[in-house]
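The values are calculated or read from the model by the stated rules, or taken from the named source; none is laboratory data. Model, not experiment: these values are computed from the prediction. No Cβ is skipped: glycine too gets one built from the backbone with ideal geometry, and neighbour counts run over all protein chains shown. Accessible surface is based on the protein model in full, side chains and every heavy atom, while ligands, DNA and RNA are left aside. Shrake-Rupley method; radii C 1.70, N 1.55, O 1.52, S 1.80 Å.
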Amino acid sequence: MKMSISRLNLFLLFFHLLILQFSPRISAIRKDVGFQGRRICKNTVLGRYLLSDDNGHVCDALSLNPQSRCCPEKGEKFSCHGCNVVSECCDSYEYCVSCCLNPSRIKEEQVMNVKVAKPATAGKYSNVFDFCAGRCRHNSESVVHENAYLSDFHHCFSLPSNSSAANYTFLEARLNGINVLVGRRGQSCDSVCKSKGQSCVPNKLLVLNQCDIMQKYMSCKGTCLASIGPDQPAEVVDDAPEDLNPGACLFTQTQSMLSCYGSHQHTRRLCPCA
(Lines give C-alpha, C1' and ligand atoms only; values in the text may rest on other atoms or scores of the structure.)
Protein backbone atom coordinates (compact mmCIF):
# COMPACT_ATOMS: atom_id res chain seq x y z
CA MET A 1 0.00 0.00 0.00
CA LYS A 2 2.80 2.41 0.95
CA MET A 3 4.60 1.50 -2.26
CA SER A 4 1.50 2.40 -4.29
CA ILE A 5 1.24 5.81 -2.59
CA SER A 6 4.89 6.53 -3.23
CA ARG A 7 4.50 5.64 -6.89
CA LEU A 8 1.42 7.86 -7.08
CA ASN A 9 3.33 10.80 -5.61
CA LEU A 10 6.19 10.26 -8.03
CA PHE A 11 3.72 10.14 -10.91
CA LEU A 12 2.06 13.39 -9.82
CA LEU A 13 5.45 15.09 -9.42
CA PHE A 14 6.51 13.96 -12.88
CA PHE A 15 3.18 15.17 -14.32
CA HIS A 16 3.64 18.66 -12.83
CA LEU A 17 7.17 18.85 -14.21
CA LEU A 18 5.83 18.04 -17.68
CA ILE A 19 3.25 20.81 -17.41
CA LEU A 20 5.89 23.34 -16.38
CA GLN A 21 8.23 22.22 -19.15
CA PHE A 22 5.81 22.59 -22.03
CA SER A 23 3.50 25.39 -20.86
CA PRO A 24 4.06 28.93 -22.39
CA ARG A 25 6.45 31.03 -20.37
CA ILE A 26 5.07 34.27 -18.97
CA SER A 27 7.75 36.92 -18.67
CA ALA A 28 5.65 40.08 -18.48
CA ILE A 29 6.13 42.33 -15.51
CA ARG A 30 3.15 44.05 -13.94
CA LYS A 31 2.96 47.63 -15.01
CA ASP A 32 2.19 49.39 -11.82
CA VAL A 33 0.74 52.85 -12.35
CA GLY A 34 3.26 54.24 -9.92
CA PHE A 35 6.15 53.27 -12.22
CA GLN A 36 4.78 54.74 -15.43
CA GLY A 37 6.50 57.86 -16.80
CA ARG A 38 5.01 61.07 -15.48
CA ARG A 39 5.26 64.30 -17.47
CA ILE A 40 7.01 67.16 -15.71
CA CYS A 41 5.72 70.61 -16.67
CA LYS A 42 7.74 73.70 -17.32
CA ASN A 43 6.38 76.75 -15.55
CA THR A 44 7.16 80.41 -15.11
CA VAL A 45 9.28 81.67 -12.26
CA LEU A 46 6.94 82.14 -9.35
CA GLY A 47 5.57 85.67 -9.16
CA ARG A 48 3.85 87.26 -6.21
CA TYR A 49 0.64 85.31 -6.69
CA LEU A 50 0.48 83.24 -9.90
CA LEU A 51 2.41 81.08 -12.32
CA SER A 52 1.70 79.60 -15.75
CA ASP A 53 2.66 76.12 -16.95
CA ASP A 54 3.46 74.92 -20.47
CA ASN A 55 -0.01 73.38 -20.79
CA GLY A 56 -1.47 76.88 -20.89
CA HIS A 57 -2.99 76.85 -17.40
CA VAL A 58 -2.58 79.54 -14.74
CA CYS A 59 -2.72 78.78 -11.00
CA ASP A 60 -1.37 79.90 -7.64
CA ALA A 61 1.54 78.22 -5.87
CA LEU A 62 -0.68 76.28 -3.48
CA SER A 63 -2.52 74.64 -6.39
CA LEU A 64 0.66 73.54 -8.18
CA ASN A 65 1.23 69.77 -8.21
CA PRO A 66 4.54 69.30 -6.32
CA GLN A 67 5.46 66.17 -8.29
CA SER A 68 4.55 67.16 -11.85
CA ARG A 69 5.02 70.93 -11.40
CA CYS A 70 1.79 71.34 -13.40
CA CYS A 71 -1.23 73.50 -12.64
CA PRO A 72 -4.58 71.70 -12.17
CA GLU A 73 -6.24 71.02 -15.52
CA LYS A 74 -9.35 72.97 -14.70
CA GLY A 75 -10.60 76.35 -15.69
CA GLU A 76 -9.80 78.07 -18.97
CA LYS A 77 -6.82 76.86 -20.97
CA PHE A 78 -4.78 79.50 -22.87
CA SER A 79 -6.58 82.21 -20.91
CA CYS A 80 -6.21 85.78 -22.17
CA HIS A 81 -7.60 87.32 -18.98
CA GLY A 82 -6.45 90.94 -18.80
CA CYS A 83 -5.08 90.85 -22.35
CA ASN A 84 -5.76 92.98 -25.41
CA VAL A 85 -5.75 90.30 -28.12
CA VAL A 86 -5.48 92.93 -30.87
CA SER A 87 -2.27 94.52 -29.57
CA GLU A 88 -1.17 91.12 -28.16
CA CYS A 89 -0.33 92.72 -24.82
CA CYS A 90 -1.50 91.88 -21.28
CA ASP A 91 -1.47 93.53 -17.88
CA SER A 92 -0.02 90.44 -16.16
CA TYR A 93 2.97 88.26 -17.01
CA GLU A 94 1.39 84.88 -16.27
CA TYR A 95 -1.72 85.45 -18.40
CA CYS A 96 0.49 86.81 -21.19
CA VAL A 97 2.34 83.46 -21.24
CA SER A 98 -0.94 81.51 -21.12
CA CYS A 99 -2.48 83.51 -23.97
CA CYS A 100 0.70 83.29 -26.04
CA LEU A 101 0.76 79.46 -25.79
CA ASN A 102 -2.47 79.15 -27.78
CA PRO A 103 -1.47 77.41 -31.06
CA SER A 104 -3.90 79.64 -32.95
CA ARG A 105 -1.81 82.69 -31.96
CA ILE A 106 1.81 81.54 -31.97
CA LYS A 107 3.06 78.53 -33.94
CA GLU A 108 6.23 76.60 -33.19
CA GLU A 109 7.63 77.01 -36.70
CA GLN A 110 7.45 80.79 -36.23
CA VAL A 111 9.40 80.98 -32.98
CA MET A 112 12.14 78.57 -34.04
CA ASN A 113 13.68 81.40 -36.10
CA VAL A 114 13.44 84.05 -33.39
CA LYS A 115 16.65 84.97 -31.55
CA VAL A 116 16.64 85.10 -27.76
CA ALA A 117 18.54 88.43 -27.83
CA LYS A 118 19.85 90.97 -30.35
CA PRO A 119 23.58 90.07 -30.46
CA ALA A 120 24.61 88.04 -33.49
CA THR A 121 25.89 85.27 -31.24
CA ALA A 122 22.56 84.88 -29.41
CA GLY A 123 20.80 81.54 -29.75
CA LYS A 124 17.24 80.91 -30.91
CA TYR A 125 14.19 79.75 -29.01
CA SER A 126 13.75 75.96 -29.06
CA ASN A 127 10.05 75.80 -28.17
CA VAL A 128 6.93 77.94 -27.82
CA PHE A 129 6.91 77.98 -24.01
CA ASP A 130 10.45 79.39 -23.78
CA PHE A 131 9.53 82.01 -26.39
CA CYS A 132 6.36 83.05 -24.53
CA ALA A 133 8.08 83.12 -21.14
CA GLY A 134 10.93 85.22 -22.50
CA ARG A 135 8.94 87.47 -24.80
CA CYS A 136 6.27 88.34 -22.21
CA ARG A 137 8.95 89.31 -19.69
CA HIS A 138 11.25 91.33 -21.96
CA ASN A 139 9.78 93.18 -24.93
CA SER A 140 11.34 96.40 -26.18
CA GLU A 141 8.22 97.15 -28.23
CA SER A 142 6.28 97.90 -25.03
CA VAL A 143 8.87 100.37 -23.72
CA VAL A 144 9.28 104.04 -24.54
CA HIS A 145 12.44 106.08 -23.84
CA GLU A 146 13.99 102.81 -22.59
CA ASN A 147 12.78 103.39 -19.03
CA ALA A 148 8.98 103.66 -19.14
CA TYR A 149 6.11 101.50 -20.35
CA LEU A 150 3.75 102.57 -23.14
CA SER A 151 0.77 101.42 -21.03
CA ASP A 152 -0.30 99.03 -18.26
CA PHE A 153 -0.49 96.37 -20.97
CA HIS A 154 3.27 95.99 -21.19
CA HIS A 155 3.59 92.20 -21.19
CA CYS A 156 3.52 91.55 -24.94
CA PHE A 157 3.98 88.32 -26.89
CA SER A 158 3.91 89.52 -30.50
CA LEU A 159 6.71 88.20 -32.68
CA PRO A 160 9.50 90.76 -33.21
CA SER A 161 9.38 92.46 -36.57
CA ASN A 162 13.14 92.04 -37.09
CA SER A 163 13.02 88.24 -36.93
CA SER A 164 13.85 86.26 -40.05
CA ALA A 165 10.20 85.18 -40.21
CA ALA A 166 9.06 88.77 -40.61
CA ASN A 167 8.35 88.75 -44.32
CA TYR A 168 5.50 90.68 -45.90
CA THR A 169 2.89 87.93 -45.44
CA PHE A 170 3.84 87.48 -41.82
CA LEU A 171 3.67 91.21 -41.11
CA GLU A 172 0.22 91.36 -42.67
CA ALA A 173 -0.91 88.54 -40.39
CA ARG A 174 0.15 90.60 -37.38
CA LEU A 175 -2.30 93.29 -38.47
CA ASN A 176 -5.35 91.04 -38.20
CA GLY A 177 -8.12 93.02 -36.49
CA ILE A 178 -6.33 96.33 -37.11
CA ASN A 179 -7.88 99.07 -39.21
CA VAL A 180 -4.92 100.70 -40.97
CA LEU A 181 -5.72 104.33 -41.81
CA VAL A 182 -3.81 107.13 -43.54
CA GLY A 183 -4.26 110.47 -41.83
CA ARG A 184 -4.39 113.99 -43.19
CA ARG A 185 -1.28 116.16 -43.14
CA GLY A 186 -0.36 117.33 -39.67
CA GLN A 187 -2.75 114.84 -38.02
CA SER A 188 -1.64 112.49 -35.20
CA CYS A 189 -2.66 108.82 -35.12
CA ASP A 190 -4.57 109.48 -31.93
CA SER A 191 -6.67 112.01 -33.82
CA VAL A 192 -7.00 109.81 -36.93
CA CYS A 193 -8.32 106.82 -34.95
CA LYS A 194 -10.64 108.91 -32.77
CA SER A 195 -12.22 110.38 -35.90
CA LYS A 196 -13.39 106.82 -36.71
CA GLY A 197 -14.54 106.08 -33.16
CA GLN A 198 -11.49 103.89 -32.53
CA SER A 199 -8.23 104.03 -30.57
CA CYS A 200 -4.64 103.97 -31.74
CA VAL A 201 -2.83 100.69 -30.93
CA PRO A 202 0.76 101.70 -30.01
CA ASN A 203 2.14 98.17 -30.18
CA LYS A 204 1.27 97.91 -33.88
CA LEU A 205 3.17 101.04 -34.93
CA LEU A 206 6.32 98.92 -35.11
CA VAL A 207 4.61 96.60 -37.61
CA LEU A 208 3.62 99.55 -39.81
CA ASN A 209 7.15 100.94 -39.54
CA GLN A 210 8.24 98.74 -42.49
CA CYS A 211 8.72 99.86 -46.08
CA ASP A 212 6.84 96.86 -47.51
CA ILE A 213 3.79 97.68 -45.40
CA MET A 214 3.89 101.44 -46.05
CA GLN A 215 4.12 100.88 -49.79
CA LYS A 216 0.84 98.97 -49.68
CA TYR A 217 -1.11 101.84 -48.11
CA MET A 218 0.82 104.82 -49.49
CA SER A 219 2.29 105.69 -52.88
CA CYS A 220 5.81 106.38 -51.51
CA LYS A 221 6.80 107.27 -55.11
CA GLY A 222 9.38 104.50 -55.11
CA THR A 223 11.29 105.90 -52.15
CA CYS A 224 11.36 104.71 -48.54
CA LEU A 225 13.82 106.49 -46.30
CA ALA A 226 15.13 105.97 -42.80
CA SER A 227 14.45 108.96 -40.58
CA ILE A 228 13.94 110.00 -36.97
CA GLY A 229 10.73 111.49 -35.64
CA PRO A 230 7.59 110.84 -33.57
CA ASP A 231 5.40 111.37 -36.67
CA GLN A 232 6.56 108.15 -38.35
CA PRO A 233 5.76 105.88 -40.10
CA ALA A 234 4.51 108.51 -42.52
CA GLU A 235 4.54 109.87 -46.07
CA VAL A 236 5.87 113.33 -46.93
CA VAL A 237 3.22 115.42 -48.70
CA ASP A 238 3.85 116.36 -52.34
CA ASP A 239 4.08 120.12 -51.73
CA ALA A 240 6.65 119.83 -48.93
CA PRO A 241 10.01 121.62 -49.32
CA GLU A 242 12.42 119.81 -51.63
CA ASP A 243 14.88 119.02 -48.84
CA LEU A 244 12.17 116.99 -47.07
CA ASN A 245 11.87 114.55 -50.01
CA PRO A 246 8.25 115.15 -51.14
CA GLY A 247 6.30 111.93 -51.75
CA ALA A 248 8.79 109.70 -49.91
CA CYS A 249 7.78 107.34 -47.13
CA LEU A 250 9.65 107.61 -43.84
CA PHE A 251 10.30 104.95 -41.22
CA THR A 252 11.98 105.69 -37.92
CA GLN A 253 15.24 104.07 -36.90
CA THR A 254 14.58 104.94 -33.26
CA GLN A 255 11.82 102.61 -32.13
CA SER A 256 11.46 104.34 -28.77
CA MET A 257 10.13 107.40 -30.64
CA LEU A 258 7.11 105.56 -32.05
CA SER A 259 4.04 107.29 -30.69
CA CYS A 260 0.34 107.69 -31.39
CA TYR A 261 0.59 111.41 -30.64
CA GLY A 262 3.38 112.63 -32.93
CA SER A 263 2.60 114.73 -36.01
CA HIS A 264 4.31 116.97 -38.55
CA GLN A 265 2.91 119.67 -40.82
CA HIS A 266 4.50 118.10 -43.90
CA THR A 267 3.62 114.41 -43.37
CA ARG A 268 0.61 112.10 -43.40
CA ARG A 269 0.77 109.35 -40.81
CA LEU A 270 0.05 105.63 -41.23
CA CYS A 271 -1.99 104.59 -38.22
CA PRO A 272 -3.09 101.31 -36.55
CA CYS A 273 -6.62 101.67 -35.16
CA ALA A 274 -8.94 99.27 -33.35
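Observations
- Nearest-20 debye value, the range 178-273 charge dipole, Cβ charges on Lys, Arg, Asp, Glu: 420
- Calculated FRET value between GLU76 and ASP238, using beta carbons and R₀ = 51 Å, to 0.05: 0.50
- Under the simplified labelling scheme, the ASN179-LYS221 pair shows an inter-label distance of 3.0 nm, with each label point 7 Å from Cα along Cα→Cβ.
- Rounded D (µm²/s) - the range 178-273, Kirkwood Rh over Cα pairs, Stokes-Einstein at 37 °C, 0.692 mPa s: 259
- Rolling a 1.4 Å probe over the protein heavy atoms gives the range 178-273 an accessible area of 44 Å² per residue.
- For the range 178-273, the relative contact order works out to 45 percent when only alpha carbon pairs closer than 8 Å and six or more residues apart are counted.
- Potential extension, VAL116-ALA61 segment - 0.36 nm per residue separation minus Cα distance: 17.1 nm
- Nonlocal amide H pairs with ALA234, under 5 Å, H built at 1.01 Å: LEU250, LEU270
- The loop-placed GluC sites (Glu not before Pro) in the range 41-116, going by DSSP, that have at most 15 neighbouring Cβ atoms within 10 Å of their Cβ come out as GLU73, GLU76.
- FRET efficiency for the ASN245 to VAL45 pair, using the beta carbon distance and R₀ = 51 Å, is estimated at 0.60.
- Between ARG137 and GLU172, the C-beta separation translates, for a Förster distance of 35 Å, into a calculated FRET efficiency of about 0.80.
- For the range 178-273, carbon and sulfur atoms together expose 45% of the accessible surface, with a 1.4 angstrom probe and every protein chain in place.
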